[in-house]
Amino acid sequence: MPTSRDISESEWEAGRKKLVRYFISTHCFDAAEDLAQTTITELWRRADYVFEDLNDFNRVLFAFASNVAKAYRRRLAQRREVNVEDWDRLSDATVAEAVAEVSIEQALADLKERLEAKGRKHQWDILAASLEGSRSRMAELLGLTGANAARVLLNRTIRKVRGSFGQ
């Protein structure tokens, strides 16, 4: 019986393209690429998942995508207080309005508050330094050896922050 590891690279790529179109069509247009990659990653991690037939790959891929979309909508609804049940009835313009209501400044202030509440001020300092311009400037502000060290530190911090907030 085939597993996710038996699927060819070309089938994974074709599946990813279909997923991007799927997420765009289900009002997840702002994160379609990320959600497609998340879906592929989730299925890839399930090495124990056995397909009855290789032709089941697309069916299973879209079942996983449905779950990823539901989780995304729940997170978005929590952030913006949009009723999840009403999501499919929202027009693209309404969704764009809801997204526009959350300013970058407001989102950054919320992130800073949440990190400080968790005792992670140093992570906020790294993120704030990254907003000051180039990675060279960031390295200078943080006392690092160079732009590459700043890039690595920033990527690690972003992963840690995402992990601590369940994303």
For this session: Only residues that are farther than 29 Å from ARG75 by Cα and assigned to a helix (DSSP H, G or I): list them for the stretch 112-167, please.
Result: ARG135, SER136, ARG137, MET138, ALA139, GLU140, LEU141, LEU142, ALA147, ASN148, ALA149, ALA150
For this session: Specify which of the listed residues (VAL60, VAL68) is modelled with pLDDT of 85 or more and over 20 Å from the mean Cα position of the chain (by Cα).
Result: VAL60
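The values are calculated or read from the model by the stated rules, or taken from the named source; none is laboratory data. None of the values given here were measured: they were computed from a predicted structure.
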